[in-house]
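The values are calculated or read from the model by the stated rules, or taken from the named source; none is laboratory data. Because the structure is a prediction, the values reported are computed rather than measured. Quick reminder, even Gly has a Cβ in these numbers, built from the backbone with ideal geometry, and neighbours come from all protein chains shown. All accessible areas refer to the heavy atoms of the entire protein, side chains included, with ligands and DNA or RNA removed. Shrake-Rupley method; radii C 1.70, N 1.55, O 1.52, S 1.80 Å.
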Amino acid sequence: MAREPGLLLLQRRKLRQAQWSHKKYELYSMDWDLKEELRDCLVAAAPYGGPIALLRNPWRKEKPANVRPVLEIYSASGMPLASLLWKSGPVVSLGWSAEEELLCVQEDGVVLVYGLHGDFRRHFSMGNEVLQNRVLDARIFHTEFGSGVAILTGAHRFTLSANVSDLKLRRMPEVPGLQSAPSCWTTLCQDRVAHILLAVGPDLYLLDHAACSAVTPPGLAPGVSSFLQMAISFTYRHLALFTDTGYIWMGTASLKEKLCEFNCNIRAPPKQMVWCSRPRSKERAVVVAWEKRLMVVGDAPESIQFVLDEDSYMVPELDGVRIFSRSTHEFLHEVPVASEEIFKIASMAPGALLLEAQKEYEKESQKADEYLREIQELGQLTQAVQQCIEAAGHEHQPDMQKSLLRAASFGKCFLDRFPPDSFVRMCQDLRVLNAVRDYHIGIPLTYSQYKQLTIQVLLDRLVLRRLYPLAIQICEYLRLPEVQGVSRILAHWACYKVQQKDVSDEDVARAINQKLGDTPGVSYSDIAARAYGCGRTELAIKLLEYEPRSGEQVPLLLKMKRSKLALSKAIESGDTDLVFTVLLHLKNELNRGDFFMTLRNQPMALSLYRQFCKHQELETLKDLYNQDDNHQELGSFHIRASYAAEERIEGRVAALQTAADAFYKAKNEFAAKATEDQMRLLRLQRRLEDELGGQFLDLSLHDTVTSLILGGHNKRAEQLARDFRIPDKRLWWLKLTALAALEDWEELEKFSKSKKSPIGYLPFVEICMKQHNKYEAKKYASRVGPEQKVKALLLVGDVAQAADIAIERRNEAELSLVLSHCTGATDGATADKIQRARAQAQKK
């Protein structure tokens, strides 16, 4: 009784194929009003529901010389995106890059790159050899490194580049004995390297960067004299070969394993042959197209055949094949497992029963309970819900999606712990897919393609089509982070806005700022750079006013040759490194006079540049001081220069004279006199060296006097002191120190008695004790005045006499000082004596 409702359900099911797992459904009814047949055009369609490019090929038909072809670009739904008159050379092949840029390979080997809206991006050449021998055929292919171009030249040699964004040309090895174009060829990607596979009669050759190798497909049917067509799968893992015997060989791209072989009983060369299989599917199928027939073949004994009423073109996809003609755009694919389980005839799968249960529930029929009980008794309710969710993702029609999702939601109500994430995520994904599949958008992505492409790439493609509102709605609906979603889209919108040259700079800048504000992740400098690239320098400057980061403003201003404005911005930032960057740029850009005038108007910049010049460019620093009439700094500069650069005494004296003159101009008489004294000292030192020998040059005045005393030239030292007006106290100190260092105690004693010491005699005691000569120190201790007598006696170690004098003077500080020098038993009596004196003083 439980199985009868399922049989009644499955009798109502509509399925297009009963024994084959492939089906075809319509994506769009094309309304693009083509003026030419597809067979008369060069056609290129991008994968992942990408755009279609058509170029009428007058180079293959008799046409008047003045007729130029038109390059037209459409969305997958036939909506026109761009149309432009082709003014360049003959085109051999068209293809789309992974970034949806149109690559047009010309006969001379030049590849022109256009944007989705027909805007010219750039061009590059495939080399001189290709230019000389011309292009016979070309292929655009995709690898993990990017989009590549492979060229077959008129000399029957191959040249390729695996990544057009980083062009590195490779000339492939020569094929032995190749005198004419191969019957067919394609590109393979093995071990991260691009290869060429070509057919010459019954032979296959594999070209890599080093060698040409003959290869043989395993298990190939005998009798093959030529290969007419070959096709590589979307993932480059499988290869199909169409032979002149009507057999189609299918195997791995490495040509090491055969998957199957099919006899289609048609020997005419097909117009196209492409793979049609789902990722991770065990079934392999190839779609072959002739003028009026389409055949799907695989490892099954029978094929599926379709009649083509119009000239059609096939586009291989990740999980199927898109087929478009003048009137329709269809998708042929292998039915996913979940969909097949639910919709196949006589299916008793859990998902099929749950779908029928939900439909009966809407009719308020008790059969709903019967179907549900049958699923629950088998313990397959969770599986049924998952099947319905998965199948909904692979359905193209929204009504069927809703039906399956309602069934899944119905089943979830009877499960206690079914995680809702997969259901919610599928609802979100389908809503996004249905939005981009709309006729006016024209991106017919399947669920598998959408997951492979990722939401970020899809958003980029919407932005590329200038569908900013839809992209923002998707970001907000999916709650994507600002930097990944809305901010990026708004930045792209702003970059597009700056290209609208019919709007004034002021209005564009205001509109962009009102729209973007302080949105996180949006860089006004990037938008300004785009504006500058479009030739709108003033707009770029206005946009940079909204950029909060000076480090982003300044480089672009320098690039735009607005160096003075860049300097102002750098100074406002307070970043000295940024200021130095601008200054060095200005120095190279302006002549010296204009550069200095610019600096005079920017005191901070001038100060920083002076600091730089002090370490790097001294002559420039002098020029700066001269221009500013800064005689004080100019004098200091010449003084430093006299010691840093000049070795000859004459040159140094001349530099010092220049410095003195500068100080006089600056009205700094002290510095001028000091400089003149230094000049006199230098001359005297040179004379002393000449007369006495030894090293005097570059010594200070005091060191010169000391050196003379140490050399025994006391009279010369005294004369030098008089000439330079050295005070007596300083001279006595110098002489005292020098004689003590010589340990000339006799001369020192004579010197001390020559006249009354202006520095007193305590220094004599200190210097003698420093030289460890207590005997000489005691001589001078007796001559020390009363105020310093105690300290002198303590220095020579006479604690008892120091105590007597301190008691006599009744000086508490001196008593404490003496007491601190009393040690142990030897000075015990002296300490007691001091204590008694203190006690008596307190009684009085």
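A few points about this structure:
- Put simply, the amide H of Thr328, placed in the peptide plane, has neighbours under 5 Å in Met30, leaving out anything fewer than 5 places away on its chain.
- Euclidean distance of C-alpha centroids, region 714-777 and region 326-355, integer Å: 116 Å
- Distant-in-sequence amide H partners of Val70 (H built 1.01 Å from N, under 5 Å): Arg56, Trp86
- Dimensions (Å) - region 19-157, Cα atoms, principal axes, largest first: 51, 41, 33
- Projecting label points 7 angstrom from Cα along Cα→Cβ for Ala211 and Glu302 puts them 4.8 nm apart.
- Residue pairs, from the table Lys258/Lys292; Lys256/Lys292; Lys542/Lys564; Lys292/Lys451, whose Cα atoms sit over 26 Å apart: Lys258/Lys292; Lys256/Lys292; Lys292/Lys451
- Calculated FRET efficiency, Glu364 to Phe120, Cβ-Cβ distance, R0 = 60 Å: about 0.40 to the nearest 0.05.
- Point-to-point label distance, Ala813-Gln632, nm (Cα→Cβ direction, 7 Å offset): 4.1 nm
- Cut-off 13 Å (backbone N to label point 7 Å along Cα→Cβ of Cys413), residues of region 338-364: 357-364
- 222 nm mean residue ellipticity, helices alone, for the chain (DSSP H n ≥ 4; -39,500 (n - 2.57); rounded to 500): -14500 deg cm²/dmol
- Residues whose amide H falls under 5 Å from that of Thr143, counting only those 5 or more places apart or on a different chain, are Gly148, with hydrogens built in the peptide plane.
- Model label zone, Cys534; criterion: amide N under 18 Å from point 7 Å along Cα-to-beta-carbon; scope region 109-130: 115-122
- Residue pairs, from the table Lys561/Lys587; Lys755/Lys789; Lys770/Lys791, whose Cα atoms sit over 18 Å apart: Lys755/Lys789
- Dimensions in Å of region 760-843 - Rg and Dmax from alpha carbons: 13.1, 44
- Residue separation of Tyr643 and Lys753 scaled by 0.36 nm, minus their Cα-Cα distance, works out to 35.4 nm of gained length.
- In this structure, Tyr25 and Glu589 have a Cβ-Cβ separation that, at R0 = 51 Å, corresponds to a calculated FRET efficiency of about 0.20.
- Rounded D (µm²/s) - the chain, Kirkwood Rh over Cα pairs, Stokes-Einstein at 10 °C, 1.306 mPa s: 43 µm²/s
- For the pair Arg171 and Asp661, label points projected 7 Å from Cα toward Cβ lie 7.0 nm apart.
- Carbon plus sulfur fraction of accessible area for region 268-353, probe 1.4 Å, in percent: 52 percent
- Taking the 1.4 Å solvent-accessible surface of region 760-843 as the whole, the part contributed by carbon and sulfur is 51%.
- Relative to the current alpha-carbon distance between Asp518 and Arg293, full extension at 0.36 nm per residue lengthens the span by 75.1 nm.
- Computed log₁₀ I(q)/I(0) - Debye formula, equal Cα scatterers, no solvent, region 725-787, q 0.12 Å⁻¹: -0.25
- Computed over protein heavy atoms with a 1.4 Å probe, the accessible surface of the chain works out to 50 Å² per residue.
- Annotation: lysines with alpha-carbon distance below 21 angstrom to Lys412 (same-chain offsets under eight excluded): Lys359, Lys363, Lys367, Lys402.
- FRET efficiency for Leu136 and Val503, using Cβ-Cβ distance with R0 set to 51 Å, rounded to 0.05: 0.60
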